[in-house]
1. Restricting the first residue to the range 106-117 and requiring it to be under 15 Å from residue 94 (Cβ atoms), which pairs with a second residue that is part of a loop (DSSP other than H, G, I, E, B) and more than 9 Å from the ligand (Cβ to nearest atom) meet a Cβ separation below 7 Å and a spacing of at least six or different chains?
2. With (1) touching a residue at least 40 places away in the same chain (Cβ under 8 Å); (2) more than 17 Å from residue 74 (Cβ to Cβ) as the list, and residue 131 as the residue in question, which single condition is left unmet?
3. Could you tell me how many of the residues in the range 20-65 are farther than 30 Å from residue 133 by Cα, surrounded by 10 or more Cβ atoms within 10 Å (Cβ to Cβ) and in contact (Cβ under 8 Å) with a residue 12 or more places away in the chain?
4. Inside the range 10-90, counting only strands (runs of 3 or more DSSP E) that do not spill past its ends, which hold 3 or more residues that are within 16 Å of the ligand (Cβ to nearest atom)?
5. Out of the residues in the range 94-112 meeting the condition of being in a helix (DSSP H, G or I) and under 20 Å from residue 125 (Cα atoms), tell me which one is nearest to the ligand (Cβ to nearest atom).
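Just so it is clear, none of the values below were taken in a lab; they were calculated from the coordinates. Everything quoted here is computed from the prediction, not taken from an experiment. Using ideal geometry, Cβ is built from the backbone for each residue, glycine included, and neighbour counts are taken over all protein chains shown.
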Ligand SMILES: [Zn+2]
């Protein structure tokens, strides 16, 4: 969706909280223990307790609670490092993507930090469809 985000697997809450504080992030969690932490109850750290198991309802809650502005800018930042992606020509990525991809895709993006190459493959198409459906309600 184009929002800067990090994923924590839940083993180390303290590191997650410290990172969120240091970087001004909002915690999205299903863990009620996080909500009881003093930094959260005192309002130093913003956290949202996600209510639903369903991804669509989770997204709706986050968008409503944080007043996120639609439309989103999906697939504009790196999924790994949150850096804005840069457009690359087909020639520039020639030796860096699988031959099948090179044959079938014309638009490419590169992360300036990790140099991962992105293209509008099946994952992109499936996610775009899902997001569009979601935004239209
Ligand atoms: Zn990256």
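1. 106/90; 107/120; 108/90; 117/97
2. (2)
3. Residues in the range 20-65 being farther than 30 Å from residue 133 by Cα, surrounded by 10 or more Cβ atoms within 10 Å (Cβ to Cβ) and in contact (Cβ under 8 Å) with a residue 12 or more places away in the chain: 9 in total.
4. Details: elements: 27-29, 47-49, 86-88.
Qualifying strands (runs of 3 or more DSSP E): 86-88.
5. Applying the filter and picking the extreme gives 101.
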